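As structure tokens, the structure follows; a few thoughts come after it.
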Amino acid sequence: MGGRRIDSFRRSAPDERRTAPYPSGNPASAKGFGSMNTNDDALKLKEEILDTISVSEEPLTFGKLARISAIERKILKKAVDDLIVAGELTYTYRHGCSFIENSFAKPVRVSRHIVLVPYGISFSGNPGDVIIKMRHGISFGRGDHPTTRLALCGIEQAFRGADRLKNKSDVSALDIGTGSGVLAIACILFGAKRAIGIDIDSCARKESKENSEINGLGNRIEIPDMPVEKIEGKFSVITANLRYPTLIGLYPMMIDLTEKKSILILSGIKVSEAEELSGFYSKEHFKCVWMEKEKDWTGFLFQRI
């Protein structure tokens, strides 16, 4: 599967599973990226810039964007500046370089039904949308990283998929490494009755509690200062956006904390690690029922058998 386009609400309707618009995912081979004579051409150029940035497996500087395009730098700079002013793109700064990336300062649709909305911004959405309000904080899970978006898509698949949660009125969720709390919040908004989010970082616990409150879910999401080893009971859904070694180490606890038909939503896995992790989790107690890729990352949905 190709990269997924991240849509804001200043363009046309979102395309949830849009694949890379270039042969073999190579932006340099995009047709029509080299000329602009009309307003339609200007709009097309902006769409192509957004697609290029969305599917790129590495952050792009303006210089690199210019090198992979055939457009005149002056015209390209004007289009990028317009997109930044419109809130579509933003500059980020790391290691002494500035990169052009998707902006998450306005409502952003990350899947068919999930919309992340910065706290304080009014947004009504479409029928069936799951709208998650998020404060800007330091904890991981604001939606600006592919692994968060993949985990959210996995949650949508779990709750909207056919017969994956046999008794949706009594669904319990556990989010391991909750960060901002976005995954636990999503589980509740999709229909889980209760959720627990755990994190070893006290700042993350504070931010996840705040985000639960602003979504009106403070009484349904528990954020205890407790390691996963101390968690007891069985959960209908477990989410974990963590790196590969940690997910492998959690496998015995995943067995203890689930029962037949329970769902695991795992993210934080590099594409190069995906086959090994899928084989490891599928060898006895779970089966893989969904997988998605975005850039160099993979998300999985496993079901207990």
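Tabulated data for the structure shown
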item: Criterion: closer than 22 Å to residue 299 by Cβ, buried (at least 21 other Cβ atoms within 10 Å of the Cβ), of a type in the set (Val, Ile, Thr) and over 14 Å from the mean Cα position of the chain (by Cα) - qualifying residue of 171, 115; result: 171
item: Residue 278 without any contact (Cβ under 8 Å) to a residue 24 or more places away in the chain, surrounded by 17 or more Cβ atoms within 10 Å (Cβ to Cβ) and assigned to a helix (DSSP H, G or I); result: yes
item: Number of positions in region 197-227 that are buried (at least 21 other Cβ atoms within 10 Å of the Cβ) and hydrophobic (A, V, I, L, M, F, W, C); result: 4
item: Test: residue 266 is surrounded by fewer than 22 Cβ atoms within 10 Å (Cβ to Cβ) and of a type outside the set (S, T, N, Q); result: no
item: Failed condition for residue 192, given (1) more than 17 Å from the chain's Cα centre (by Cα); (2) touching a residue at least 60 places away in the same chain (Cβ under 8 Å); result: (2)
item: Residue satisfying condition, being at pLDDT 90 or above, in the same structural domain as residue 95 (by TED's automatic domain parsing), surrounded by fewer than 13 Cβ atoms within 10 Å (Cβ to Cβ) and not polar (S, T, N, Q), within set 78, 74; result: 74
item: Any hit, region 106-116, residues being part of a loop (DSSP other than H, G, I, E, B), among the aliphatic types (A, V, I, L, M), farther than 14 Å from residue 49 by Cβ and free of Cβ contacts under 8 Å to residues at least 40 places away in the same chain; result: no
item: Within region 281-302, tally of residues that are polar (S, T, N, Q) and buried (at least 21 other Cβ atoms within 10 Å of the Cβ); result: 1
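The values are calculated or read from the model by the stated rules, or taken from the named source; none is laboratory data. Note that the coordinates shown come from a computational prediction; the quantities given were computed from them, not determined experimentally. Note that we place each Cβ from the backbone using ideal geometry, even for glycine, and neighbour counts take in every protein chain shown.
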